[in-house]
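This report concerns only the one structure given below.
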Amino acid sequence: MTASEPKGAPTVLPDDSYNRALVENVRPPTWTNPTPAGRYNLVVVGAGTAGLVAAAGAAGLGARVALVERRLMGGDCLNFGCVPSKAILRVAHVAALVREAPGYGVAVDGPPRVDFGAVMARMRRLRAALSPTDSASRFRSLGVDVYFGDARFVGPDTVDVGGQQLRFSRAVVATGSRAATLPVAGLAEAGFLTNETIFSLTDLPRRLLVVGAGPIGCELAQAFRRLGSEVAIVSLDPRLLPREDPDAAAILTARFEREQIALNLGARLVRVEAGPEGKVIVFDRGRGEERAGGDVILLAVGRVPDVEGFGLEAAGVRHERTGLVVDDRLRTTNPRIYAAGDVCSGYKFTHAADAMARRRRRPASGATTSPPSRCPSRRSTAPCSRVGRRGSRASISSAAADASLAPRWSPATPARRSARSSSP
């Protein structure tokens, strides 16, 4: 293997025609890395939402840009987040409407019969159809040099990729985040899924245990319940969506109880047991050990910034438990290097990564930036939607409406339509 030949493309499971088409776009197996010629105006490390927006924007301003990705272009949003989750949530919403149809005066012949295999195949088809927007060939057509491989800073202005040295005037670290785990006895041995693996399922779990009551846990708990799984949530948090309005969380709690999602909140996980009858989470809510059984465990306890293995110390870039240390211009402790997205943000959502990258792409290319403004956000559970500030300065509007139809707004930066215009 020469320096310009990246390692082989990963296999996305299940290995069907849709996932092979996805990989062909976002991690082409036959891709040959370009040979760097001179110093780049901008090197972007990470090809998720923030990285793609930064690279496309800088190239559009005439900069010489290199984009480095070690896994799949499109990041979590395309591969393990927005696109697959919302495809499944849409089907779950349809199934719920069919169940509720008699209440609207619409007669149906019994409860809906969900073909989970077909639901997941539809998701993979839609994801593959969207993938050209985030593809290596598209970004090459925009004038971006696309490299696949492990990026490692070897100096304050140099990144190594597979033995090739990419020198830069400016860089953006947009390496994103990964699913957090828990040091609970027996959890690793029993096995669990995260947002990066649950969309590979082809059979519907009869019983799903969701650990975590944040946005990911709540969205997927409701989706799988509506698709036919028995679902239980176990969380240390005392209520659903602990970072959201208590009134909204109360409305969602009532809805989950009506949909027969078992809620075990304020629960400290003691251990996980595995046996022939499935997996059991043992937890304690202050009144002795309790147990919740299931066939599959989904771990959804937050996100951890992806900072290991990039040689950040060699570049003089400081990071903490919460991610890269940046100033109010998103500049790291190395004035040549900026950051955007989950790796430096407390708001680990696609819209926030998009907005941050838009703030940074102009100064990273030598242009000026704009001041912070407002950025849309959403929770795709039903019901509960709101627009405005949280807490005493906010009011819940259309509380009985489907949250997928109305955004929530929170202080950040304008999130205009991105270079990834086909992605939801």
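The values are calculated or read from the model by the stated rules, or taken from the named source; none is laboratory data. Everything quoted here is computed from the prediction, not taken from an experiment. All Cβ positions, even for glycine, are placed from backbone atoms using ideal geometry, and neighbour counts span all protein chains on display.
Screening Gly38 against (1) surrounded by fewer than 18 Cβ atoms within 10 Å (Cβ to Cβ); (2) not in a loop (DSSP other than H, G, I, E, B) leaves a single unmet condition, (2). May I ask you to verify whether Ala95 is buried (at least 24 other Cβ atoms within 10 Å of the Cβ) and either touching a Lys or Arg at 6+ places or on another chain (Cβ under 9 Å) or free of Cβ contacts under 8 Å to residues at least 60 places away in the same chain (or both)? Considered against the rule, which asks whether it is buried (at least 24 other Cβ atoms within 10 Å of the Cβ) and either touching a Lys or Arg at 6+ places or on another chain (Cβ under 9 Å) or free of Cβ contacts under 8 Å to residues at least 60 places away in the same chain (or both), Ala95 comes out as no. Can Arg64 be described as out of contact with any Leu (no Cβ under 6 Å at 6 or more places or on another chain) and under 25 Å from Ala221 (Cβ atoms)? Spelling it out, it is not the case that Arg64 is out of contact with any Leu (no Cβ under 6 Å at 6 or more places or on another chain) and under 25 Å from Ala221 (Cβ atoms). When you scan region 22-43, do you find a residue that is of a type outside the set (Lys, Arg), within 18 Å of the chain's Cα centre (by Cα), assigned by TED's automatic domain parsing to the domain that holds Gly143 and within 30 Å of Pro383 (Cα to Cα), even just one? There is no residue in region 22-43 that is of a type outside the set (Lys, Arg), within 18 Å of the chain's Cα centre (by Cα), assigned by TED's automatic domain parsing to the domain that holds Gly143 and within 30 Å of Pro383 (Cα to Cα).
Just one of the listed residues (Arg170, Arg122) is under 23 Å from Gly316 (Cβ atoms), charged (D, E, K, R) and either in contact with a Lys or Arg (Cβ under 9 Å, 6 or more places away or on another chain) or in contact (Cβ under 8 Å) with a residue 24 or more places away in the chain (or both), and it is Arg170. Consider region 98-119. How many of its residues are free of Cβ contacts under 8 Å to residues at least 60 places away in the same chain and either assigned to a loop (DSSP other than H, G, I, E, B) or in contact with a Leu (Cβ under 8 Å, 6 or more places away or on another chain) (or both)? Residues that pass the stated criteria total 10. Only residues that are of a type outside the set (A, V, I, L, M), farther than 22 Å from Gln222 by Cα and surrounded by 15 or more Cβ atoms within 10 Å (Cβ to Cβ) were counted in region 262-284, giving 1. Filtering Leu78, Leu67 for residues that are part of a strand (DSSP E or B), crowded, with 21+ Cβ neighbours inside 10 Å and either assigned by TED's automatic domain parsing to the domain that holds Phe168 or under 24 Å from the mean Cα position of the chain (by Cα) (or both) leaves a single hit, Leu67. Scan region 43-54 and give yes if some residue there is farther than 24 Å from Asn195 by Cα and assigned to a loop (DSSP other than H, G, I, E, B), otherwise no. No - not one qualifying residue is present in region 43-54. The residues of region 156-185 that are small (Gly, Ala, Ser) and farther than 12 Å from Val68 by Cα, listed by number, are Gly163, Ser169, Gly176, Ser177, Ala179, Ala180, Ala185.
From the set of residues in region 6-35 that are out of contact with any helix residue (DSSP H, G or I) (no Cβ under 8 Å at 6 or more places or on another chain), in a loop (DSSP other than H, G, I, E, B) and touching a residue at least 12 places away in the same chain (Cβ under 8 Å), which is nearest to Met120 (Cα to Cα)? Of everything passing the filter in region 6-35, Gly8 is nearest to Met120 (Cα to Cα).
Applying the condition of being over 26 Å from Asp327 (Cβ atoms) and touching a helix residue (DSSP H, G or I) at 6+ places or on another chain (Cβ under 8 Å) to region 142-180 and asking which residue is surrounded by the fewest Cβ atoms within 10 Å (Cβ to Cβ) yields Gly143.
Pairing residues of region 212-241 that are over 24 Å from Val184 (Cα atoms) with residues that are among the charged types (D, E, K, R), at Cβ distances under 6 Å and at least 6 apart in sequence or on separate chains, gives Arg225/Glu259. Considering only region 237-247, state which residues are surrounded by 18 or more Cβ atoms within 10 Å (Cβ to Cβ) and either more than 25 Å from the chain's Cα centre (by Cα) or at pLDDT 95 or above (or both). The answer is Asp237, Leu240, Leu241. Checking the stated criteria, Val161 turns out to be under 30 Å from Tyr338 (Cβ atoms) and among the aliphatic types (A, V, I, L, M).
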